Amino acid sequence: MKVLVTGSTGHLGEGLMRTLGDQGHEAIGLDVLPGLFTQLRGSIVDRAFVADCLRGIDAVLHTATLHKPHVATHGRQAFVDVNITGTLNLLEEAAAAGVSAFIFTSTTSAFGAALTPPAGAPTAWIDETVQSVPKNIYGVTKTAAEDLCELFHRRSGLNCLVLRTSRFFPEEDDSAAIRGAFADSNAKANEFLFRRVDLEDAVSAHVAAMRYAAKIGFGRYIISATIPFAREDMAALRQNPSALVARRFPDFEKIYGQANFKMFPSLDRVYVNRKAVEELGWTPRWDFGRVLAQIAGSDPIGSDLARQVGSKGYHQECFTEGPYPVE
C-alpha cells in the first residue's frame, strides 16, 4: 500500500515511517520541516501542493499539526490555517483521489475542561462518550478537524478514523511543579497508569486503524495505555492512588522504593482504550505493569522505537522556563 504520512519529521510521523517501511508499505513522508524520513517538503495549507502529494496514494496518516506547545508562541489564525484548513485540503484531495483510508491524529487534549473534575469528585473516567470542552485554540481546531473528517465520511464516503492519542513525547514534562517534584522517568512511569501511550503503541494503533477504516467508515478512538482500574476505583484513585496501585501490583512499593520513585498524590483522569482495542483489533504492548518490570531491571522505560526516534524537542526555540512556554 502506498501511504502518505503528514508530519513525517515529528515523533509519531517518524515512528510511522520507520514501521511502515519495515512492514512492506511504500511510505511517503510530508512535512514543512526537513527530516530523515521526509521526501515532500511543503505546507498542507498549500492546496496545490497537497493535490500533487495525493496522486497515487492509497491511504493517508495525517499527523501534521500545530499542537499544544505552539499555543503561547503562535497566533490563533495559524492554528486555524494548519489544523483546520490544512486538514480540509487533505480531505478534499483524498476524496478526489479515491483514497481508501484517512486516519486523523487528534489528541486527548480535545476533551479539555472535562479532564479536570471538581475538588472532592472522583477521578474522571474518560472514554469516547465524554463530551469535549476545549479550553484553548489547539483543542478547538482539533475538534473542528475531527468534525470535518466525519463530514467527509458522510458526504463523500471517505473512510475516516480519528485517533485521540495521549502523551507519547519523550521530552520533560511541561509542568514546572512536576519537573520539580519528580524525576522525569518517574513522572512518565506514573503516567502509564492514566495518560500516556508508548510511541510503538501509538504507531500500531494507526496501522490498525488504516487496516479497519473501510470496515468501520467513521469513528473516534482513544489511544492510550491500558489502565488497571475499573469505574468503581475512581473515588479511591483520586484520594490515594498509591494504595490502589499497590493492590493491583504487589511488588509496586518495593520496586518504586528501590528506584527512589514515588506516585503522584492524586490522579485527575484515566483514559479508557477499550473501544480501540475491541473495534480496531489493536493490541497495545506497553502498560504500567510492563514499565514496572523495566524499572525493576534498572532498564530505560518504554520501547526501542521510542528511543530510536529520540527527542525531537517540543519547539524550534529553546525556553528557560521549560520545554515550551505554558499559556
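When the helices (runs of 4 or more DSSP H) confined to the range 249-304 are screened for residues that are among the charged types (D, E, K, R) and in contact with a strand residue (DSSP E or B) (Cβ under 7 Å, 6 or more places away or on another chain), those reaching at least 1 such residues are found at 274-280. The listed residues are Leu158, Leu237, and the only one of them that is more than 29 Å from Arg307 (Cβ to Cβ), touching a residue at least 60 places away in the same chain (Cβ under 8 Å), among the hydrophobic types (A, V, I, L, M, F, W, C) and part of a loop (DSSP other than H, G, I, E, B) turns out to be Leu158. Taken together, Gly15, Gly10 contain a single residue that is in contact (Cβ under 8 Å) with a residue 60 or more places away in the chain, buried (at least 22 other Cβ atoms within 10 Å of the Cβ) and out of contact with any helix residue (DSSP H, G or I) (no Cβ under 8 Å at 6 or more places or on another chain), which is Gly10. Among all residues of the range 76-91, there is none that is part of a loop (DSSP other than H, G, I, E, B), under 27 Å from Asp198 (Cα atoms) and at pLDDT 95 or above. The residues on offer are Thr107, Thr143, Thr116, Thr129, and the sole one that is free of Cβ contacts under 8 Å to residues at least 60 places away in the same chain, hydroxyl-bearing (Ser, Thr, Tyr) and surrounded by fewer than 17 Cβ atoms within 10 Å (Cβ to Cβ) is Thr129. Under the condition of being part of a loop (DSSP other than H, G, I, E, B) and within 11 Å of the chain's Cα centre (by Cα), which residue from the range 166-212 is modelled with the lowest pLDDT? Restricting to residues being part of a loop (DSSP other than H, G, I, E, B) and within 11 Å of the chain's Cα centre (by Cα), the top hit is Phe169. Just so you know, in the range 213-232 the residues that are over 29 Å from Phe152 (Cα atoms) and of a type in the set (Val, Ile, Thr) include one that is nearest to the chain's Cα centre (by Cα), and it is Thr226. Checking each residue in the range 61-96 for being hydrophobic (A, V, I, L, M, F, W, C) and out of contact with any Asp or Glu (no Cβ under 9 Å at 6 or more places or on another chain) picks out Leu61, Ala78, Phe79, Val80, Val82, Ile84, Leu88, Leu90, Leu91, Ala94, Ala95, Ala96. If you check Ile44, Ile57 for being of a type in the set (A, V, I, L, M, F, W, C), out of contact with any Lys or Arg (no Cβ under 8 Å at 6 or more places or on another chain), within 16 Å of Phe104 (Cα to Cα) and outside any strand (DSSP E or B), only one passes: Ile44.
The values are calculated or read from the model by the stated rules, or taken from the named source; none is laboratory data. Treat the numbers as computed from the prediction; the structure is a model and nothing was measured. Cβ atoms come from the backbone with ideal geometry, glycine included; neighbour counts cover every protein chain shown.
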